[in-house]
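Here the structure comes first, spelled out in structure tokens, and everything after it is commentary.
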Amino acid sequence: MVQKYRMYIAGEWVDADSGETFTSTNPYNGEVWAEFPAGDKTDIDRAVSAARTAFENVWSTTLPGERARIMRQIAAAIGKHAEYLAQIETQDNGKLIREMSAQTKYMVDYYHYFAGAADKIHGEVIPTDKATMFNYTLREPVGVVGAIVPWNSPLLLLSWKLAPALAAGCTMVVKPAEQTSASTLEFVRLVLEATDLPPGVFNVVTGFGPSAGAALAQHPDVNKLAFTGSSQTGKIVAHAAAENHTRLSLELGGKSPNIVFEDANLDNAVNGIMKGIFAATGQTCMAGSRLLVHESVKEELLDKLARRAGQIKMGDPQSMETEMGPVAFKEQLDKIKYYCQKGVEEGATVVTGGKAPTRDDLTSGYFFEPTIFSDLTNQMQIAREEIFGPVLCAIPFSTEEEAIRIANDTPYGLGAGIWTYNIQRAHRLAKAIKAGTVWVNNYRVVSYASPFGGFKASGYGRENGLEAIRDYTQVKSVWIELADRVGDPFTLG
Ligand code: ADP
């Protein structure tokens, strides 16, 4: 049976003004399972207006301790429903239940962390050169936030935005990805409605990127846009934001290197590389999709990797035993196939995988085998463009300088892994690599407490950690004259 959802504006469940709807497909069995309102500009206008009213009249003036109390209610309600929310996400995007349930449980900590920050957002007293003037700053919420979220980790990536926004005193309109709208609406129904969060503070408009998403990005009354998605769409959103001088944070794609030196513990490196490219079927912005391997350990490492990749259990993402599920939707599968074909044409060698599996129980879902290409140059298209699938591109190097050069020879700069026991080299590389996150002897580790974001085409702004608060606040400088004087009216100061 197809489940019918409504969207959430000003504390009410509503259909799209146009009455239009769209559906979502379960990528494991190809079945349509849910239907959503296809919101557009009219609905976005209503939602932004609700968020504006809630911002001006309620949330921006709610005391920080009260905001924190409500955020802790949100944390508690997430804890209660984490398993169900995870199941919904898995049903929508095919990602493993074992990853999604860990993600939804971990979201609890995000709301607690930022609840703790809510009453520690403050300005400073500044000792200036003006003898009779007292100067201080106020750190104020930016206002209404428009969040545009992708399909690969819908609720976690929403929480990276919502938790700091609520702590700062902002209100929000979110446009979830059209492939995965259900969990955000279930989050409202099960979590937010069980709390004292005032109506209008959080609004959801479901719909397509080029209509609802674009209307949100172009809205003149949105004060900040928080976007996670592809670099291509990020560019469109940035153009829209420029029209209204809207603040913007972009968390975009990557082509992150995992760099394995000759002294690395290869078994650990194999685990880290698998974590980087086969977890989540490679559909993560921080995927370690380029393997830079020292030529002296290349054969051994690729042998170990190919053996492990061949043992990955593919199957039903709702089973805790499964290690790799389908990709999220058909266009995504087609894109992966295109790049694999391209890799072969460009002269790369397929070490393992490179095709859709033929096993009976996998043919109705959007499955693709864990794939490793070797004998690449960093100039090949598959080494330069984000594939967003379980496809690893192995590139050999012979010196540390060459490794750094290849690692940085990419338009992107999201993450990098360094595998070595040489502590001096580890720190040298951590500094030399142009990326927002560097992991040494591990990969794909994130925390609510540590800033995450990109260099170069991977975006700007930081999510997580106290850095995130900066993105949702703005600073006001206040001058108080302490003497009974104004000074020369014709000079500055
Ligand atoms: P991907 O599927 O690669 O993550 P997108 O970056 O296109 O792709 O999707 C991320 C989010 O951006 C989704 O919520 C999507 O609906 C939205 N989106 C897509 N196109 C636009 C657009 N033109 N303007 C605003 N948002 C968009």
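Figures for the structure shown
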| quantity | calculated |
| --- | --- |
| Computed magnitude of the charge dipole of the chain (debye, nearest 20; Cβ of K, R +1, Cβ of D, E -1) | 600 |
| Pairwise Cα inverse-distance average, inverted: Kirkwood Rh of the stretch 266-351 (Å) | 14.4 |
| Between 0 and 90°, nearest 10: helix 330-346 axis offset from the chain longest Cα axis | 50 |
| Degrees separating the helix 423-432 axis from the principal Cα axis of the chain, which is the longest one | 60 |
| Distance between modelled label sites at Ala430 and Thr128, nm, 7 Å Cα→Cβ extension | 3.9 |
| Length released on extending from Asn442 to Glu140, taking residue separation times 0.36 nm less the Cα-Cα span | 105.0 nm |
| Where the chain is the region considered: accessible area per residue in Å², 1.4 Å probe | 41 |
| Estimated [θ] at 222 nm from DSSP helical runs (n ≥ 4, -39500 (n - 2.57)) normalised by residues in the chain, nearest 500 | -11500 deg cm²/dmol |
| Cα long-axis angle, helix 154-168 against the chain (0 to 90 degrees, to the nearest 10) | 20 |
| Residues whose placed amide H lies under 5 Å from that of Thr473, excluding near-sequence neighbours | Val142 |
| Sequence-distant residues sharing a close amide H with Phe455 (under 5 Å, placed H) | Gly413, Leu414, Gly436 |
| Range in the chain, longest, excluding exposed chymotrypsin sites (Phe, Trp or Tyr not before Pro) [loop by DSSP; at most 13 other beta-carbon atoms within 10 Å] | 1-420 |
| Amide hydrogen neighbours beyond the local backbone of Phe22, cut-off 5 Å, H modeled | Phe36, Ala38 |
| Contour excess over end-to-end distance, with Cα ends at Lys4 and Asp119 and 0.36 nm allotted per residue | 37.5 nm |
| Gain on full stretching of the segment that runs from Thr195 to Gln379 - 0.36 nm per residue minus C-alpha separation | 61.0 nm |
| Percent of alpha-carbon pairs separated by more than 40 Å within the chain | 25 |
| Surface/4 estimate of mean projected area, convex hull on alpha-carbon atoms of the stretch 190-306, nm² | 11.2 |
| Accessible surface of the chain [probe 1.4 Å, protein heavy atoms]: carbon and sulfur percent | 53 |
| Debye intensity ratio I(q)/I(0), log10, the stretch 257-440, q values 0.13, 0.18 Å⁻¹ (C-alpha model) | -0.62, -1.16 |
| Label zone at Asn268, where the point sits 7 Å out along the Cα-to-Cβ direction: the stretch 447-469 residues whose backbone N lies under 19 Å | none |
| Karplus (6.51, -1.76, 1.60) ³J(HN,Hα), θ = phi - 60°, over the stretch 24-29, in Hz, Gly and Pro reported as x | 10, 10, 7, x, 6, 10 |
| Under 21 Å from the Cα of Lys224 - lysines, other chains or at least 8 residues apart | Lys41, Lys161, Lys175, Lys235, Lys456, Lys476 |
| Sites His239 and Thr491 - FRET efficiency at Förster radius 45 Å, r taken between beta-carbons, to 0.05 | 0.65 |
| R0 of 51 Å, Cβ-Cβ distance Asp361-Asp17: FRET efficiency to nearest 0.05 | 0.75 |
| Separation of the Gln341 and Lys80 label points, Cα + 7 Å toward Cβ, nm | 5.1 |
| Amide N of the stretch 193-214 lying under 14 Å from the label point, which is placed 7 angstrom from the Cα of Arg69 along Cα→Cβ | 195-198 |
| Whole-angstrom gap from the stretch 1-61 to the stretch 392-471, using each part's C-alpha centre | 37 |
| Under 19 Å from Lys130, Cα to Cα: aspartates and glutamates that are on another chain or at least 8 residues apart | Glu481, Asp484, Asp488 |
| Lysine pair count for the stretch 257-440 [Cα-Cα under 19 Å; pairs on different chains or 8 or more apart] | 10 |
| Karplus 3J(HN,Hα) series, Hz, for the stretch 378-388 with 6.51 cos²θ - 1.76 cosθ + 1.60 (x for Gly, Pro) | 6, 8, 5, 4, 6, 8, 9, 9, 6, 8, 6 |
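The values are calculated or read from the model by the stated rules, or taken from the named source; none is laboratory data. Quantities reported herein were computed from a predicted structural model and do not represent experimental measurements. Heads up, the Cβs are rebuilt from the backbone with ideal geometry, glycines too, and the neighbour counts pull from every protein chain shown. The area values use the complete protein model at the heavy-atom level, side chains included, leaving out ligands, DNA and RNA. Shrake-Rupley method; radii C 1.70, N 1.55, O 1.52, S 1.80 Å.
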